[in-house]
1. Can you tell which of His33, His20 is in contact (Cβ under 8 Å) with a residue 24 or more places away in the chain and part of a loop (DSSP other than H, G, I, E, B)?
2. Can you tell me which residue is nearest to Asn57 (Cα to Cα) among those in the range 1-19 that are of a type in the set (Lys, Arg) and crowded, with 16+ Cβ neighbours inside 10 Å?
3. Name the residue that is surrounded by the fewest Cβ atoms within 10 Å (Cβ to Cβ), counting only residues in the range 132-177 that are β-branched (Val, Ile, Thr) and either at positive phi or touching an Asp or Glu at 6+ places or on another chain (Cβ under 9 Å) (or both).
4. Hey, among Leu63, Leu129, Leu44, which residue is open to solvent by less than 50 Å² (accessible area, probe 1.4 Å) and part of a helix (DSSP H, G or I)?
5. Could you please find all residues in the range 66-85 being assigned to a helix (DSSP H, G or I), among the aliphatic types (A, V, I, L, M) and farther than 19 Å from Lys5 by Cα?
6. For the range 77-91, indicate whether the set of residues that are open to solvent by less than 50 Å² (accessible area, probe 1.4 Å), hydroxyl-bearing (Ser, Thr, Tyr) and within 30 Å of Glu158 (Cα to Cα) is non-empty.
7. Here is a check on your reading of the model: is Leu149 part of a helix (DSSP H, G or I), over 13 Å from the mean Cα position of the chain (by Cα) and modelled with pLDDT of 95 or more?
8. Output the residue which, of all residues in the range 20-41 that are farther than 17 Å from Phe4 by Cα and out of contact with any Lys or Arg (no Cβ under 8 Å at 6 or more places or on another chain), is most open to solvent (accessible area, probe 1.4 Å).
Amino acid sequence: MHFFKHLSTITKHRHKVIAHCFRCGIGWQGLFHDLSKYMPAELLTGAKYYQGNRSPNEKERELFGYSTAWMHHKGRNRHHFEYWVDLNPKTRQYEPVPMPMRFLVEMFCDRVAASKIYKGTAYTDEDALLYFTKGNAAKKMHAQTAEKLESWLRMLAEQGEETTFAHIRLELKESKK
């Protein structure tokens, strides 16, 4: 059990996300980011499977085939694309729906912050894009959501934080009109 190491990691991550959210124009929303990680269902499980270089949910999944902490988390946090799945009345299948812009922005901030926390001093602005493109998340989220997220991650990799955060702030402002 690595309670204090896990607590430190999630708190550092959360503070990075908050800072990124402020830079993108959703600061107030960022203040509420990942509060469910401090609930026993997530905190204790995270401490039990803590490794320091990746999500404890991955270790729990390896051991049991699923993660109870992740299921708890994704159902309470709208910045995860898994939250945005609903029953399509025509096909009678569960399908992804487009994420509202402010939650998509928070997801971007979350992914960048996670890359920074897990990569540490080895972090580059390309890391969040590499993690996204080597995984299969894009296939599971709504096409519009995946396309927008990937475009921001590419911009980050190619043009850096300052340009990308300013661009996202402008897009967010335009989407509210």
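1. His33
2. Of everything passing the filter in the range 1-19, Arg14 is nearest to Asn57 (Cα to Cα).
3. So, considering only residues that are β-branched (Val, Ile, Thr) and either at positive phi or touching an Asp or Glu at 6+ places or on another chain (Cβ under 9 Å) (or both), the one surrounded by the fewest Cβ atoms within 10 Å (Cβ to Cβ) is Thr133.
4. Checking each option against the conditions leaves just Leu129.
5. Initially, the range 66-85 is screened for residues assigned to a helix (DSSP H, G or I), giving 68-74, 81-83.
So of that shortlist, the ones also among the aliphatic types (A, V, I, L, M) come out as 69, 71.
Across the range 66-85, the qualifying residue is only Met71.
6. Scanning the range 77-91 turns up no residue that is open to solvent by less than 50 Å² (accessible area, probe 1.4 Å), hydroxyl-bearing (Ser, Thr, Tyr) and within 30 Å of Glu158 (Cα to Cα).
7. Answer is no for this residue.
8. Trp28
The values are calculated or read from the model by the stated rules, or taken from the named source; none is laboratory data. On a predicted model such as this, the values are computed, not experimentally measured, just so you know. With ideal geometry, Cβ positions are generated from the backbone for all residues, glycine too; neighbour counts draw on all protein chains shown. Areas reflect the complete protein model, heavy atoms only, side chains present, ligands, DNA and RNA absent. Shrake-Rupley method; radii C 1.70, N 1.55, O 1.52, S 1.80 Å.
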